[in-house]
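Engineer: The structure's right below; bear with me while I get my questions together.
The values are calculated or read from the model by the stated rules, or taken from the named source; none is laboratory data. The structure displayed is predicted, hence computed values, not measured ones. For neighbour counting, all protein chains shown are included, and Cβ atoms are generated from backbone atoms with ideal geometry for every residue, glycine included. Ligands, DNA and RNA are stripped out before the accessible areas are found, and what is left, the full protein with its side chains, is counted by its heavy atoms. Shrake-Rupley method; radii C 1.70, N 1.55, O 1.52, S 1.80 Å.
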Amino acid sequence: MTLRFARPTLAGVVILTAALPSAGTAQPKPEGRAALVQKLADCRKVAEDSARLACYDAAAADLEQAEAKGDIVVVDREQARTVRRQAFGFSLPSLSVFERGDKPEEIDRIEGVIARAHMDGSGKWVLQLEDGASWAQIDVQELSLNPKPGQKVVIRKATLGSFLASVEGRRAFRVRRIG
């Protein structure tokens, strides 16, 4: 299969790389850019049309092969946004690989629907949302009504890295992400 590029467009795409062998480019790659992407970008510098096309074809084939083997993963902005949303509430060292280009939206709250709610052995609530996220109550506040499947919940950032959950608009209680 031959890929043809009218003009390479790399905006809005992040590429994650595993340990890749050197692509053999003469120029050093910019910080954070995968070697295979740099190889593709370097093809723009080839002056002669047929040589430039051959360069693009070879670079695109290498990129496709690396993606098929799992050496790189291409993530678009929407996928990066989904990852940041799914990671809401976890303390992760860095998601900076998903934050290139325009400054990503700051996620300070999520809204979800309770799929399952139960009390743990210490009498605190554990909420599992329909998206699979699990949150556990960490304060001792008694809730006025028990959370139930199908109810809406809003979880928002609070002070000092903590989170507050409010079920159906009722008084918020402190929670932490457990899964």
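Engineer: Only residues in region 117-139 that are farther than 14 Å from Ser166 by Cβ count as the first member; pair them with residues that are open to solvent by 60 Å² or more (accessible area, probe 1.4 Å) and part of a strand (DSSP E or B), Cβ under 7 angstrom, at least 6 apart or cross-chain, and list the lot.
Structural biologist: From region 117-139, the pairs are Val126/His118; Gln128/Arg116; Ser134/Gln128; Ala136/Arg176; Ile138/Arg174; Ile138/Arg176.
Engineer: Among the residues of region 133-143, is any open to solvent by 60 Å² or more (accessible area, probe 1.4 Å), among the charged types (D, E, K, R) and over 20 Å from Gly179 (Cβ atoms)? Step through it out loud before you land on a result.
Structural biologist: Residues of region 133-143 that are open to solvent by 60 Å² or more (accessible area, probe 1.4 Å), as a first pass: 138, 140, 142.
Still in the list and also among the charged types (D, E, K, R): 142.
If we keep only those that are over 20 Å from Gly179 (Cβ atoms) too, we end up with 142.
Scanning region 133-143, I find at least one residue that is open to solvent by 60 Å² or more (accessible area, probe 1.4 Å), among the charged types (D, E, K, R) and over 20 Å from Gly179 (Cβ atoms), so the answer is yes.
Engineer: In addition: What pairs can you find where one residue is in region 41-54 and not polar (S, T, N, Q), the other is not in a helix (DSSP H, G or I), and their Cβ atoms are less than 6 Å apart, with a gap of 6+ or different chains?
Structural biologist: If the second residue must be not in a helix (DSSP H, G or I), the pairs left are Asp42/Thr25; Arg52/Val46.
Engineer: In region 123-145, how many are among the polar types (S, T, N, Q) and modelled with pLDDT of 90 or more? Give the derivation first.
Structural biologist: Within region 123-145, the first condition is being among the polar types (S, T, N, Q), and the residues that meet it are 128, 134, 137, 141, 144.
Now narrow it down to the ones that are modelled with pLDDT of 90 or more: 128, 134, 137.
So the count comes out to 3.
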